[in-house]
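The values are calculated or read from the model by the stated rules, or taken from the named source; none is laboratory data. Computed from a predicted model, the values in this text were never measured in an experiment. Don't worry about glycine lacking a Cβ; one is built from the backbone with ideal geometry, like all the others, and counts go over all protein chains shown. In case anyone asks, the SASA skips ligands and DNA or RNA and just uses the protein heavy atoms, side chains included. Shrake-Rupley method; radii C 1.70, N 1.55, O 1.52, S 1.80 Å.
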Amino acid sequence: MNDYERVAEVIRFLDRHHIDQPDLSELAHRVGLSQFHFHRLFSKWAGVSPKDFLQCLTLEHVKARLRRGDSVFDAALNAGLSGPGRAHDLCVTLEAASPGEMKSGGAGLQIDYGFAGTPFGEALIGETRRGICHLSFVDGPAQNGSRDLLASQWPNAKLHRSDRRAKELADTIFARTPESAHLRGYARATPFQLRVWRALLRVPSGSLTTYGRLSSAIQQPGAARAVGSAVGANPIAFIIPCHRVIRETGALGHYHWDPIRKRAIVGWEMAARPLLSALDSNRVQADAA
């Protein structure tokens, strides 16, 4: 197991046994490590202890972040932000392929692609001279399937493998404390999809939003279902942060690249940006009084 696989296994185990409140010893045994090594490995991966990380994924905490994300999202919209926004401290601009480029299936286009390790398992990353056009997560021995997915999106493009370049991009995209960096995204997109994805780029790391809020943000408040389809069609995972969209109830919901991975990403981002929950805020105010 790599670090992410161990974390994913712990999340799955807690889904089944959270009522039993398993202790650190049981969690460590589950992934074949001593308590000391498991605690150190997990804390290095998540930036917080296993207990604190799992607290980030409780319903109360998620709902508090959702409320907080609402105000942050509204502030960004009220400030007149349109087009490129902020995504996990990286400045991301997103460009759509032209109708002609989409129709041609990428004829005359070279895509440099490769496989690289990330905090959430192996990923395939594809890049053209106009920007990153693909990022997908790879589970198990599925490299050929991932390459086939990329080829199906750009059937007439020339594919050139470069794991070195993929690693360079992954190191920037998934840096725990990234330096100021600019990424360009280049995607096959309808005008509607582009509006949804650009709205997603305004949702800060550690915050969450809902399909309803996204539909309101693009001034189509009755289009939550269509927004959901656009979110699901996102070809550049993590960079366009579709993992930050959850249900109105606070449930994290489905994710194309596995709901467990979504929970891991959401918890990882929340742990990196600690905010007081509504309960903590009330407690601080009560103490001050």
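Figures for the structure shown
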{"quantity": "About the Cα centre, charge dipole magnitude for the range 172-245 (Lys/Arg +1, Asp/Glu -1 at Cβ), debye", "calculated": "100 debye"}
{"quantity": "Stokes-Einstein D in µm²/s, Kirkwood radius over Cα pairs - the range 163-215 at 37 °C with 0.692 mPa s viscosity", "calculated": "244 µm²/s"}
{"quantity": "Rounded, prolate or oblate (a/c below 1.5 giving rounded, otherwise prolate when a/b exceeds b/c) for the range 180-261 by Cα gyration tensor", "calculated": "rounded"}
{"quantity": "Hits among lysines - C-alpha to C-alpha of Lys167 under 22 Å, sequence gap 8 or more where chains match", "calculated": "Lys44, Lys158, Lys262"}
{"quantity": "Placed amide H near Arg161: partners under 5 Å, 5+ positions off or other chain", "calculated": "Tyr113"}
{"quantity": "Per-residue ³J(HN,Hα) for the range 132-149, Karplus 6.51 cos²θ - 1.76 cosθ + 1.60, θ = phi - 60°, Hz, x for Gly and Pro", "calculated": "6, 10, 7, 8, 9, 8, 10, 10, x, x, 10, 4, 5, x, 5, 5, 4, 4"}
{"quantity": "Gain in span if fully extended, Leu59 to His254, counting 0.36 nm per residue against the direct Cα distance", "calculated": "68.6 nm"}
{"quantity": "Length added when fully stretched, Leu159-Gln35, from 0.36 nm per residue minus Cα-Cα", "calculated": "40.2 nm"}
{"quantity": "Accessible carbon and sulfur surface of the range 97-211 relative to its total accessible area, %, 1.4 Å", "calculated": "50 percent"}
{"quantity": "Neighbour net charge for Ala189 - beta-carbon separation under 10 angstrom, K R +1, D E -1", "calculated": "+2"}
{"quantity": "The range 1-71, dipole about Cα centre (Lys/Arg Cβ +1, Asp/Glu Cβ -1), debye to the nearest 20", "calculated": "240 debye"}
{"quantity": "The range 96-162: antiparallel DSSP beta bridges as a percent of all, rounded to 5", "calculated": "75 percent"}
